[in-house]
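Taking it in order: structure first as C-alpha cells, then the write-up.
The values are calculated or read from the model by the stated rules, or taken from the named source; none is laboratory data. Values in this document were obtained by computation on a predicted structure and should not be read as measured data. Cβ sites come from the backbone with ideal geometry, for glycine too, and all protein chains shown count toward neighbours.
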Amino acid sequence: MEQISAADLVPMDLFFKTEPITIDLVYANKNHPRNVFGCALYKADARLWLHKDLAGITLLAARSLFETRECKIELKDGLRTTEAQKQMNETEIVKANPHWTAPGPKRLISPPGMGGHPRGMAVDVILKDIDGNEIDMGTPFDYLTEDPQDNPAARSYTGFSDDILKNRKILEQAFLDAADDLGIPVLPLHAEWWDFRLPPDISDHYVPLSDYGLPNAMKMTSTEGPDHPCPDFDKTAQDVLKRVSNANL
C-alpha cells in the first residue's frame with residue numbers, strides 16, 4: 001500500500017471566501033445538534049481536510065450548483081483519522097447499535113482505518129439555499145437508522161416526495177458531472193445520500209492516515225506524537241483551483 005503525502009491534502013477553509021461552499025465540522029463540537037455521538041471526535045480547532053482529487057470534484061460540483069440552482073454545498077466531514085474513527089466506534093450509541101458496524105453493504109460505520117474518510121477521500125455534504133436554509137433531503141445528514149433493512153437515507157429509498165427525491169438527484173448528479181469533467185471517478189455511497197468518495201479501487205491502495213503521522217497543524221484529535229514538517233497548503237489549493245478552472249472552461 002502507498003502512503004498519502006500530507007501535501008496531497010488541502011484544508012477546505014482555504015476556499016471559503018472565494019468558492020460557493022460553507023463548512024460545518026460537526027464532530028469537532030460535542031454539543032452540535034447533528035453530532036449523534038455525544039462527544040467531540042475532533043479537537044476544537046480541527047480543520048476539514050480532503051485529498052486534492054476529491055477537493056477538486058467538490059469545488060467543481062459546488063460551482064455548478066451555485067450557477068444553476070443558486071445553492072451552496074456545506075461540508076460536514078472529510079478526513080477522519082484512525083484515532084477519530086476508533087473513538088467513534090467506541091461511543092455508547094454505536095455500541096448500542098451493533099448493526100451499524102456489522103460487515104456487509106448495509107454497514108453505516110466502518111472499523112478504524114477502513115473506507116474513504118481515514119484517507120481524506122470521502123466527504124459528507126448537504127445543500128443550502130441562497131438564504132442559508134437547508135434544502136430538504138428527507139433525512140438530516142448522518143441519519144443512522146435503527147432498522148438496517150429500511151434506511152430512508154439510502155439512495156435507493158423512494159418513500160419521499162418527488163421534490164425530495166429530485167433534490168437528492170440534483171446533488172448526486174452535480175458530483176458525478178464534476179468527476180467526469182475532471183476525469184476522476186467518484187462513488188456516491190449507497191447508504192448515505194450525503195456521502196461522496198473516491199471508489200475503493202483507488203482508496204484501498206493507500207494506508208489510512210493517523211494523527212501520529214501528520215504535522216500538528218493537520219492532526220484531528222490531539223497534538224500528541226511527533227510534529228512532522230508541514231507542507232505549503234496554499235500551493236496545493238492553487239493547484240486544485242487551476243485544475244477546476246480548466247475543467248470549467
Task: Of residues in region 16-46 being farther than 21 Å from ASN216 by Cα and of a type in the set (Phe, Trp, Tyr), the one modelled with the highest pLDDT - done: PHE37
Open item on the list: If a residue counts only when it is of a type in the set (A, V, I, L, M) and surrounded by fewer than 22 Cβ atoms within 10 Å (Cβ to Cβ), which strands (runs of 3 or more DSSP E) contained entirely in region 1-63 have at least 1 such residues?
Closed with: 21-23
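Mind checking which residues of region 176-195 are farther than 22 Å from GLN149 by Cα and either out of contact with any Ser or Thr (no Cβ under 8 Å at 6 or more places or on another chain) or among the charged types (D, E, K, R) (or both)? Lay out the reasoning, then the answer.
Of all residues in region 176-195, those farther than 22 Å from GLN149 by Cα come to 176-186.
Those that are farther than 22 Å from GLN149 by Cα and either out of contact with any Ser or Thr (no Cβ under 8 Å at 6 or more places or on another chain) or among the charged types (D, E, K, R) (or both): LEU176, ASP177, ALA179, ASP180, ASP181, LEU182, GLY183, ILE184, PRO185, VAL186.
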Task: Of residues in region 114-168 being among the aliphatic types (A, V, I, L, M) and assigned to a loop (DSSP other than H, G, I, E, B), the one surrounded by the fewest Cβ atoms within 10 Å (Cβ to Cβ) - done: ILE130
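Can you name every residue in region 170-210 that is of a type in the set (A, V, I, L, M), farther than 23 Å from GLN85 by Cβ and in contact (Cβ under 8 Å) with a residue 60 or more places away in the chain? Talk me through it step by step, then tell me what you get.
To start, the set of residues in region 170-210 that are of a type in the set (A, V, I, L, M) comprises 170-171, 174, 176, 178-179, 182, 184, 186-187, 189, 191, 198, 202, 207, 209.
Subset that is farther than 23 Å from GLN85 by Cβ: 170-171, 174, 176, 178-179, 182, 184.
Residues satisfying the conditions are ILE170, LEU171, ALA174, ALA178, ALA179, LEU182, ILE184.
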Open item on the list: Testing LEU54 on (1) in contact (Cβ under 8 Å) with a residue 24 or more places away in the chain; (2) farther than 28 Å from THR145 by Cα, one condition comes back false. Which one is that?
Closed with: (2)
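Matching residues to (1) within 19 Å of the chain's Cα centre (by Cα); (2) not in a loop (DSSP other than H, G, I, E, B):
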{"site": "ALA191", "(1), (2)": "yes, no"}
{"site": "ILE202", "(1), (2)": "yes, yes"}
{"site": "THR221", "(1), (2)": "yes, no"}
{"site": "GLU224", "(1), (2)": "no, no"}
{"site": "ASP227", "(1), (2)": "no, no"}
{"site": "THR236", "(1), (2)": "yes, yes"}
{"site": "LYS242", "(1), (2)": "no, yes"}
- [ ] Go over the candidates LYS76, LYS95, LYS72 one by one and state the one that is at pLDDT 95 or above, over 15 Å from ASP195 (Cα atoms) and not acidic (Asp, Glu).
- [x] LYS72
TODO: Residue by residue through region 234-249, note down the ones that are within 14 Å of ALA61 (Cα to Cα) and among the small types (Gly, Ala, Ser).
DONE: SER245, ALA247
Task: All positions within region 150-169 that are in contact (Cβ under 8 Å) with a residue 40 or more places away in the chain and under 15 Å from PRO105 (Cα atoms) - done: ASN151, ALA153
